[in-house]
Amino acid sequence: MEYKAIRVIISGGGTGGHIFPAISIANKLRELNPETQIQFVGAEGKMEMDKVPAEGYEIIGLPMAGVQRQLSMKNLMNNLSVPFRVLDSVVQARKIVKQFHPDVVVGVGGYASGPLLWSATGMKIPAVIQEQNGFAGVTNKMLGSRVQSICVAYEGMEKFFPAGKLVMSGNPIREVLSRPATARQKADGLEYFGLSEGCKHIFVVGGSLGSGTLNNAIKHWIQDGCPDGEGVEVIWQCGKYYKKDVDAFMKAHPEVTGIHPFDFISRMDLAYAAADVVISRSGASTVSELCAMGKATVFVPSPNVAENHQTHNAMALVRRNAALLVKDSEALDDLLPTALGLLNSPDKLKQLEKNAEAMALRNAAQVICDEIYKLV
């Protein structure tokens, strides 16, 4: 296939699970032809407005917002403004499309993808959806009939989309997270986080913003004296919103060593490399990274997501004996005992690692880019 220079708009974001696949697609397009022009479109105030420029790409923000389900006066006022924000976003999206003249548009999910893809497809511009999850989001389901190709990461997605449009691509992941760590990389990870070689290591990651449930489970374990935790060290990504509370908690327990809390970890490759067991939420990109790196994982799906899609993501691995699952409601008492039990069961641990790696789809960005070029 000839990879000529093309013009592409990539829209979506809101969480790292949408943003990092979008950046991976953009990087692959630039790798295939450095002259390709890429314009990102995100939602004002969301994390893509910082993360995308940090990777060297331009981004335009739409005033898009979603309906908040939790009752409060602030959320009520937000919800009353949503229809007006949607209309404003559609108008602005049409202007962006007219000005940029894309050959194709790509939607990765999140607030901004709806207005942009709706506008572009209405203007007869070919479009691709990249659906990361095992349960399709509302926006992508609405747009499925309007786009030409839908790249998915899980089987059985024909219950959400026209079967003839589906392409099994997997989720694009960062290159540094695309292979199991070498012994050298593991040693680098231990040194980077100040860990001891003689210990076993757990990496706790609650997504890019952290998780109150996972944080409370760690604190509960510490308050109980870290039972059965001797010889275990923990890398703990607690999230920036929780960091102040976690720091105060750790200060109140100076006797505890080997617990290393961080608000955000940029070197995820080294954190995964250092870990013997990972405790994680089950966002789609995280699941794909853990498979690619062949990590033994205990998933705690977030209940606070649309259509309970994180449970669907995790169960795709659990059914294949490639991961363990602890319910969010049971995490306080069961999470650390489950992870420690896995640490102390080397045969089970190796089995999960092997089965997880067997599920990895490592050329997702290339497959998606080929679909983009087919449309062009």
- Which residues, counting only those in region 129-173, are surrounded by 18 or more Cβ atoms within 10 Å (Cβ to Cβ) and either in contact with a His (Cβ under 8 Å, 6 or more places away or on another chain) or modelled with pLDDT under 90 (or both)? 132, 133, 134, 135, 136, 137, 139, 140, 154, 173
- Task: For region 16-66, name all the residues that are crowded, with 20+ Cβ neighbours inside 10 Å, out of contact with any helix residue (DSSP H, G or I) (no Cβ under 6 Å at 6 or more places or on another chain) and among the basic types (Lys, Arg).
- Result: 46
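Listed here are the residues, each with its yes/no results for (1) touching a residue at least 40 places away in the same chain (Cβ under 8 Å); (2) small (Gly, Ala, Ser).
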site	(1), (2)
162	no, no
199	yes, no
206	yes, yes
211	yes, yes
218	yes, no
226	no, no
- Might you let me know whether region 249-269 holds any residue that is touching an Asp or Glu at 6+ places or on another chain (Cβ under 7 Å) and part of a helix (DSSP H, G or I)? no
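Residue by residue, here is whether (1) assigned to a loop (DSSP other than H, G, I, E, B); (2) in contact with a Ser or Thr (Cβ under 6 Å, 6 or more places away or on another chain) holds:
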| position | (1), (2) |
| --- | --- |
| 9 | no, no |
| 13 | yes, no |
| 17 | no, yes |
| 25 | no, no |
| 31 | no, no |
| 34 | yes, no |
| 42 | no, no |
| 45 | yes, no |
- Query: For residue 279, which of the numbered conditions (1) among the aliphatic types (A, V, I, L, M); (2) under 15 Å from the mean Cα position of the chain (by Cα); (3) over 29 Å from residue 172 (Cβ atoms) fails to hold?
  - Reply: (3)
- Message: Would you confirm, using the coordinates I've provided, whether residue 234 is assigned to a strand (DSSP E or B) and out of contact with any Leu (no Cβ under 9 Å at 6 or more places or on another chain)?
- Response: yes
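Give the residues of region 187-200 that are more than 23 Å from the chain's Cα centre (by Cα) and not in a loop (DSSP other than H, G, I, E, B), sorted by residue number.
Listed by number, the residues that qualify are 187, 188, 190, 191, 192, 200.
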- Message: Return the pair list, or none, for Cβ contacts closer than 8 Å from residues in region 9-34 that are in contact (Cβ under 8 Å) with a residue 60 or more places away in the chain to residues that are β-branched (Val, Ile, Thr) and open to solvent by 20 Å² or more (accessible area, probe 1.4 Å), at least 6 apart or on different chains.
- Response: 17/286; 20/173; 21/173; 24/173
- Could you tell me which numbered condition residue 63 fails, if it satisfies all but one of (1) in contact with a Gly (Cβ under 7 Å, 6 or more places away or on another chain); (2) at pLDDT below 95? (1)
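The values are calculated or read from the model by the stated rules, or taken from the named source; none is laboratory data. The shown structure was predicted, so the numbers you read here are calculated from the model rather than taken from an experiment. Neighbour counts are summed over all protein chains in view; Cβ atoms, including those assigned to glycine, are modelled from backbone coordinates with ideal geometry. Keep in mind that these areas ignore ligands, DNA and RNA; they rest on the heavy atoms of the full protein, side chains included. Shrake-Rupley method; radii C 1.70, N 1.55, O 1.52, S 1.80 Å.
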